Amino acid sequence: MKAQITLATALATLSLAALTAGSAEAKIVCRNGYQMVNGSPLATPYCQDNLVGAVARERGIKVSDAEIRDNPNTKRYVCQLIGRDNRTYMACINAYGARRGF
């Protein structure tokens, strides 16, 4: 009986140690609208939307990155307010609309 309690205690201790050990936290790292993947930049919608939000906040528009990502109309509105900023051109390309004949 004592061996079972000792074994159960050891297993519980090991389980707790495994859970509290430095868990790897996967966090997306964005630089200038590009996600860094193994040290190389990769254009992703997540990072592009974060860039739109950052440029909007620089211009005084109160909007969060999550609002830009979650609501396409908010993104379109913010892109129209920002105008044709070179940093956000590719992220906002669909918001500008097609200009025919010009």
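The values are calculated or read from the model by the stated rules, or taken from the named source; none is laboratory data. Here the structure is a predicted model, which means the values were calculated and not measured. We place every Cβ from the backbone using ideal geometry, glycine too, and count neighbours over all the protein chains shown.
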Any hit, the stretch 63-76, residues being closer than 17 Å to residue 95 by Cα, out of contact with any strand residue (DSSP E or B) (no Cβ under 7 Å at 6 or more places or on another chain), in a loop (DSSP other than H, G, I, E, B) and not small (Gly, Ala, Ser): yes
Residue tally, condition within 20 Å of the chain's Cα centre (by Cα) and either farther than 22 Å from residue 29 by Cα or among the charged types (D, E, K, R) (or both), over the stretch 48-66: 6
Contacts under 7 angstrom Cβ, first residue in the stretch 42-61 being touching a residue at least 24 places away in the same chain (Cβ under 8 Å), partner among the acidic types (Asp, Glu), 6 or more apart: 49/65; 53/65; 55/85
So residue 65, is it at pLDDT below 90, among the acidic types (Asp, Glu) and surrounded by 10 or more Cβ atoms within 10 Å (Cβ to Cβ): no
Residue in the stretch 26-49 that is touching an Asp or Glu at 6+ places or on another chain (Cβ under 8 Å) and modelled with pLDDT of 90 or more present: yes
The stretch 31-60 - residue that is within 17 Å of residue 89 (Cβ to Cβ) and of a type in the set (A, V, I, L, M, F, W, C) and, of those, surrounded by the most Cβ atoms within 10 Å (Cβ to Cβ): 52
Qualifying residue in the stretch 67-85 (condition: more than 23 Å from residue 31 (Cβ to Cβ), among the polar types (S, T, N, Q) and touching a residue at least 12 places away in the same chain (Cβ under 8 Å)): yes
Search result, residues across the stretch 78-102 that are over 20 Å from the mean Cα position of the chain (by Cα) and modelled with pLDDT of 90 or more: 80, 81, 82, 86
